[in-house]
Amino acid sequence: MSARVLVVDDIEANRRLLQAKLEAQYFTVMHAENGQQALDIARTEKPEIILLDVMMPGMDGYETCKRLKADPRTSFIPVVMVTALSDSEDRVRGLDVGAEDFLTKPVDDFALMARVGALLRYNAVASELRQRQASGLKAGAVEVISDEEISRPSRVFIIDDNPRTSLRMANMLRDDGHVATTLLEAGDMSNLADMGVDILILSISSQSFDALKLCAHFKMTESTRSISIILVCDQSERQKAGKGLDIGASDVIISPVDRQELMARVRTQTRRSRYIDVLRKRVDRGLELSVIDQLTGLYNRRYMVSQLQQVMHRSVMGGKPVSVVMCDIDHFKSVNDTYGHDVGDEVLVELANRLRENVRPMDIVCRPGGEEFLVIMPDTPGDLACAAAERIRRAVASAPFHVSSGSRDISITLSAGVSTITGDQDTMADLTKRADTALYQAKSAGRNRVESIAA
């Protein structure tokens, strides 16, 4: 996976060294020798990753990262802090200002490619979700994801057949406020999804199981696919760890495990996975908003049009006939005028409920707008559609609508028009126009009735 990487360091030799390592793996490298230059290049070039030195004159790496993350034009670009400082507090400080990861000088080739590769995979998913979210919302409607949403303590499951090392890692995590469970404590791995696990720590050195096969299994299983996996290996197992990253692991820690590095890695992976989870939920919500009528929970006009086109096409291509039932509440204006629009909304919601209760699972109930409803009935000839419409009419008229928190009962009726596809020349406009004409006939004939027009 190739990408454009911005290397920021005030020492040219350091920039050239990282450039050589990255270009050997076919990355495109850009340079900046100070913080301001980095900000300018990031805004104009939008690199996929920024490798940012901490110790620079003037604006140091922490301040540069803080400004990058505060600017909407660059806040989404992953930043890896590169530091000669070994103090764990410096690493945590980098994460606090928004950095996604860190590397310690001298930069190890394996660590560099592992971090860059993991961030590229993460950013590819995040970018796609951000684009879907933005396209589904009006400009300015994108909500900011709060730090509290993604920074809560993690639930960590440790898979290591060494009791001493697994308990040591668990205690480190518990001391930091996380919920940690070891395989030896749990007994098996059958309910990871039910436990709400955020992070799996998987020891490559374990003798009683193949860690890479487990990693592949978790990434192929729907219920555990989204759980981040951190591999723990010693120096001699780095090649296996590299394969683990290819399979889908998110990060690697070299043993013996340093407490602060473990905390930083768990924190980083938790933030990433929760960020992706929040984005996914917002995209799903955006998709729902685009096809669901928010008052009644029925499908809206946009969805109605797309689905009716599809079922009509299937019918023309040799399927069974499709029918539509167009319904309209009788005297709905007087309901609003007499009781108010709040009660009118209650009536619409209750009518939607009765419609749902009186159609088949395959039928598609829509609210195109106002007091008008339309039911798409796939594989349904006209006589069966008329019978279904009559069942709906009786369900509406048979019992009063309880409104105003049950303090008032209103009698409601509806009229319905039924139309069925007539052949391959029939269009959606033709079908709905006939249903509308039938509905008008039902209204003209006294309301609270069903009429049908075949052609």
When every residue in region 423-443 that is within 19 Å of M304 (Cβ to Cβ) and either hydroxyl-bearing (S, T, Y) or without any contact (Cβ under 8 Å) to a residue 60 or more places away in the chain (or both) is compared, the one surrounded by the fewest Cβ atoms within 10 Å (Cβ to Cβ) is A429
Sole miss for P163 among (1) modelled with pLDDT under 85; (2) loosely packed, with under 14 Cβ neighbours inside 10 Å is condition (1)
Against the definition (modelled with pLDDT under 95, surrounded by 13 or more Cβ atoms within 10 Å (Cβ to Cβ) and farther than 23 Å from A126 by Cα), how does K69 come out, yes or no? no
Of (1) out of contact with any helix residue (DSSP H, G or I) (no Cβ under 8 Å at 6 or more places or on another chain); (2) on the phi > 0 side of the Ramachandran plot, M362 satisfies every one except (2)
Filter region 30-56 for residues that are within 31 Å of the chain's Cα centre (by Cα) and not in a helix (DSSP H, G or I); the one that is farthest from M113 (Cα to Cα) is K46
Subset of region 192-220, residues aromatic (F, W, Y) and either surrounded by fewer than 20 Cβ atoms within 10 Å (Cβ to Cβ) or in contact with a helix residue (DSSP H, G or I) (Cβ under 8 Å, 6 or more places away or on another chain) (or both), comes to F209
Within region 327-380, residues farther than 26 Å from V316 by Cβ and either hydroxyl-bearing (S, T, Y) or not assigned by TED's automatic domain parsing to the domain that holds Q310 (or both) come out as S334, T338, Y339
Checking S255, S236, S250 in turn, the sole residue that is free of Cβ contacts under 8 Å to residues at least 12 places away in the same chain, of a type in the set (G, A, S) and either farther than 20 Å from Y122 by Cβ or in the same structural domain as R155 (by TED's automatic domain parsing) (or both) turns out to be S236
Picking from R272, R238, the residue that is surrounded by 23 or more Cβ atoms within 10 Å (Cβ to Cβ), part of a helix (DSSP H, G or I) and touching a helix residue (DSSP H, G or I) at 6+ places or on another chain (Cβ under 6 Å) would be R272
By residue number, the members of region 391-415 that are more than 41 Å from the chain's Cα centre (by Cα) and part of a helix (DSSP H, G or I) are R394, A397
Subset of region 149-203, residues of a type in the set (S, T, Y), more than 30 Å from Q239 (Cβ to Cβ) and without any contact (Cβ under 8 Å) to a residue 40 or more places away in the chain, comes to S190
Per the filter on region 1-29, residues in a helix (DSSP H, G or I) and more than 34 Å from the chain's Cα centre (by Cα) are E12, A13, N14, R15, R16, L17, L18, Q19, A20, K21
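The values are calculated or read from the model by the stated rules, or taken from the named source; none is laboratory data. It should be emphasised that the depicted structure is a prediction, and the values quoted were computed from it without experimental measurement. Here Cβ is always computed from backbone atoms with ideal geometry, including for glycine, and neighbour counts include all displayed protein chains.
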